[in-house]
Amino acid sequence: MSTQRHTVLGDPEWLQEARDAVDGFVAGLQAGIDSADAPTYNADFADDVMWGSPYGATVIGYDTLHSIHRGMFERGVAVAGPSSRYQTVNVMSPTPDVAIAHVRRVAMDGDGQPIPMDDASVFSEMAMYVLVRRDGRWWLAAGQNTPIRPKN
């Protein structure tokens, strides 16, 4: 059995700024979903963003990802059910200029209530986002999205 201690990467000194950055980023995603507007949704994506889609694709670069998101909004497929809500689950900050977050997107019914995760007809997802501060502004450097599927 190993007696090696594992290091803690998150630093509480930087956590509040990281949380604020993630909350602002999530608010932008929500505003984009609510208005079905790709420029709003993608406003904080870096030009060299790395993206893992919930369908297994990997996308590099803002222009390519923006085109995909614009098409999804135009076809009405970016909204999960009648609506969806982004929820920050956890945030850590290993350096003053990096925020790493787990964010959940939950499908909502017409009354604004979460649709149970065991309903296979709706789309909910978990994402890991990495934000990097450059010249005083926070940018999405990378995102990995994973659909939440009911257990069989």
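Structural remarks
- Hits in segment 139-152 (condition: open to solvent by 40 Å² or more (accessible area, probe 1.4 Å) and modelled with pLDDT of 75 or more): Trp139, Gln144, Thr146
- All strands (runs of 3 or more DSSP E) inside segment 1-111 with 2 or more residues being open to solvent by less than 30 Å² (accessible area, probe 1.4 Å) and modelled with pLDDT of 85 or more: 45-52, 83-95, 98-108
- Some residue of segment 113-120 being of a type in the set (A, V, I, L, M), part of a strand (DSSP E or B) and either at pLDDT 80 or above or open to solvent by 40 Å² or more (accessible area, probe 1.4 Å) (or both): no
- Single unsatisfied condition, Tyr129 versus (1) modelled with pLDDT of 75 or more; (2) surrounded by fewer than 18 Cβ atoms within 10 Å (Cβ to Cβ); (3) of a type outside the set (Gly, Ala, Ser): (2)
The values are calculated or read from the model by the stated rules, or taken from the named source; none is laboratory data. In this text the structure is predicted, and so the values were computed from the model without any measurement. Reconstructed Cβ throughout: ideal geometry from the backbone, glycine too, with neighbour counts over all protein chains shown. Please note that ligands, DNA and RNA were not included when accessible areas were found on the heavy atoms of the full protein model with its side chains. Shrake-Rupley method; radii C 1.70, N 1.55, O 1.52, S 1.80 Å.
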